[in-house]
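Please treat every number below as a calculation from the coordinates, not as lab data. Keep in mind that this is a model prediction, so the values were computed, not measured. Cβ sites come from the backbone with ideal geometry, for glycine too, and all protein chains shown count toward neighbours.
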């Protein structure tokens with residue numbers, strides 16, 4: 001039975017041979033007429049050792065040299081040590097020099113503590129004593145808050161008149177102080193999001209729904225930016241808020257149709273009220289104009305009557321003064337003036353009723369007609 005086992009490969013070698021080594025060829029391979037020769041593990045180890053010895057500067061030995069024969073292990077020479085030192089120096093220089101682009105800044109750390117800010121260009125920080133963190137400072141970063149943007153309910157907020165509004169907005173920011181940014185905030189994006197949401201809720205809680213939806217978005221965005229920046233400055237965050245994009249402010253989705261119907265009704269009410277106000281203003285203006293006209297006419301009439309009365313009084317005073325000087329003459333003059341004013345424009349016919357049996361009709365010669373200039377014909 002022992003003679004049937006020809007070696008570790010289980011092949012049928014020479015029956016009755018002395019040992020397993022006889023079943024291997026001179027090259028350390030298993031003879032197999034049906035497949036390729038597979039190298040033994042010892043042969044692979046020996047070849048690897050020879051190649052390592054050659055690379056390290058040692059003498060080349062035979063392929064069949066084993067670890068127990070002759071010269072043992074790789075040899076280290078001066079050239080090998082020099083190459084190792086040069087390689088280590090190159091790796092150290094590669095790890096110590098670094099480049100900062102114009103839009104970046106580097107924070108150099110000495111054993112974990114802040115050392116200085118690396119400016120754009122080629123910088124040197126001897127590793128591993130000094131390490132660095134390169135940060136893009138001019139790049140604009142965005143934080144989105146709202147139902148439509150993030151899918152969360154962070155945008156649902158309660159207004160001052162107890163309405164719920166769905167707000168989507170975006171905070172755009174960058175880094176102005178890399179040292180404060182790295183050392184004072186554990187998670188800057190999460191901090192900015194929490195501060196922005198808190199500031200927006202404070203502003204919305206102090207406002208009514210209608211102005212938020214219609215006209216106050218710009219004012220709210222400016223106020224929100226100032227509040228976020230003030231809070232981040234109190235944290236020494238090294239962050240600057242560039243702007244706030246106020247994208248949407250609507251009622252919640254389940255009630256938006258009803259809300260729009262209410263908005264349409266309110267707009268119609270405002271339109272009708274504006275028409276009524278315009279009509280009222282027109283009527284009031286016309287009434288005020290007429291009242292002013294009547295007042296002016298009354299004022300003119302009053303002035304005219306007063307002036308006429310004052311004139312009559314002055315004339316009477318003058319006549320009285322003349323009457324006191326010459327009563328008879330004045331009385332006769334007044335009589336004549338009165339008769340002239342009464343009879344001056346009347347056609348007069350005089351009837352003679354004398355006892356002498358006159359004609360009864362006395363021709364009247366209108367002297368005023370004789371004074372007129374003839375309009376046609378000539379003189380005889």
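For this structure, a couple of remarks:
- In this simple spin-label approximation, residue 210 and residue 240 carry label points 7 Å from Cα along the Cα→Cβ vector, and these lie 4.0 nm apart.
- Highest average first, the peptides 261-273, 230-242, 91-103 ordered by how many other beta carbon atoms sit within 10 Å of their residues are 230-242, 91-103, 261-273.
- The fraction of Cα-Cα pairs per 10 angstrom bin, counted from 0 for the stretch 256-328, comes to 16, 17, 14, 13, 11, 10, 7, 6, 4, 2, 0 percent, rounded to whole percents.
- Using C-alpha pairs under 8 Å with a sequence gap of at least 6, the mean separation divided by the residue count of the stretch 141-250 gives a relative contact order of 37 percent.
- Extended-chain gain in nm, criterion 0.36 nm per residue less alpha-carbon gap, residue 297 and residue 230: 17.4 nm
- q = 0.16, 0.27, 0.28, 0.31 Å⁻¹, the stretch 294-349: log10 I(q)/I(0) [Debye, one scatterer per Cα]: -0.71, -0.99, -1.02, -1.08
- Centroid-to-centroid, using Cα positions, the stretch 74-104 and the stretch 179-224 are 50 Å apart.
- Legend: calculated FRET efficiency, residue 174 to residue 247, from the Cβ-Cβ distance at R0 = 22 Å, rounded to 0.05, equals 0.65.
- Only Cα sites of the stretch 82-136 enter the Debye sum here, all with the same form factor; the resulting log10 I(q)/I(0) across q = 0.19, 0.21, 0.25 1/Å is -0.64, -0.73, -0.91, listed in q order.
- Entry note: the stretch 141-250 has Rg to Rh equal to 0.99, where both radii use alpha-carbon atoms and Rh is the Kirkwood radius.
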